[in-house]
Amino acid sequence: KYVDTGLVQIEFRDFPLNKPALDAAKILHCLPGNQYFPFMSMLFQTQNHWAFTADYLVPLRQNAKLAGMSDAQVDSCLNDAAAEKKMAEGI
């Protein structure tokens, strides 16, 4: 009743605690707005399959491909130093 009436707003902020979480957040922010929440949900639902493995990029890339991203797009997101800086600054 508070969100629907505008009394309270929910704000999601990135707080990556390790490299897999940081890379997942970067990919998440590269997706179009209408895919943000569905992809975030998928990341949380599949977290045990990608977040805690040494080769986390393999399943994370697969998730990104399922969302319609190419390998080149994923690489571009992962190499985006400006996005990483914005997350670190909490912007």
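The values are calculated or read from the model by the stated rules, or taken from the named source; none is laboratory data. Predicted model only: the values in this text are computed from it and were never measured. All Cβ positions, even for glycine, are placed from backbone atoms using ideal geometry, and neighbour counts span all protein chains on display. With ligands, DNA and RNA removed, areas are computed over all heavy atoms of the protein, side chains included. Shrake-Rupley method; radii C 1.70, N 1.55, O 1.52, S 1.80 Å.
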>> Among the residues of the range 47-57, are any over 18 Å from residue 11 (Cα atoms), among the polar types (S, T, N, Q) and surrounded by 13 or more Cβ atoms within 10 Å (Cβ to Cβ)?
In response: yes
>> Taking the condition of being assigned to a helix (DSSP H, G or I) and buried (at least 18 other Cβ atoms within 10 Å of the Cβ), how many residues in the range 23-42 meet it?
In response: 8
> What number of residues within the range 43-77 are within 13 Å of the chain's Cα centre (by Cα), of a type in the set (Gly, Ala, Ser) and assigned to a helix (DSSP H, G or I)?
Replying inline: 1
> Quick one: would you say residue 20 is crowded, with 17+ Cβ neighbours inside 10 Å and modelled with pLDDT of 90 or more?
Replying inline: yes
> When residues of the range 62-80 are filtered for being open to solvent by 70 Å² or more (accessible area, probe 1.4 Å) and under 15 Å from residue 21 (Cα atoms), how many remain?
Replying inline: 1
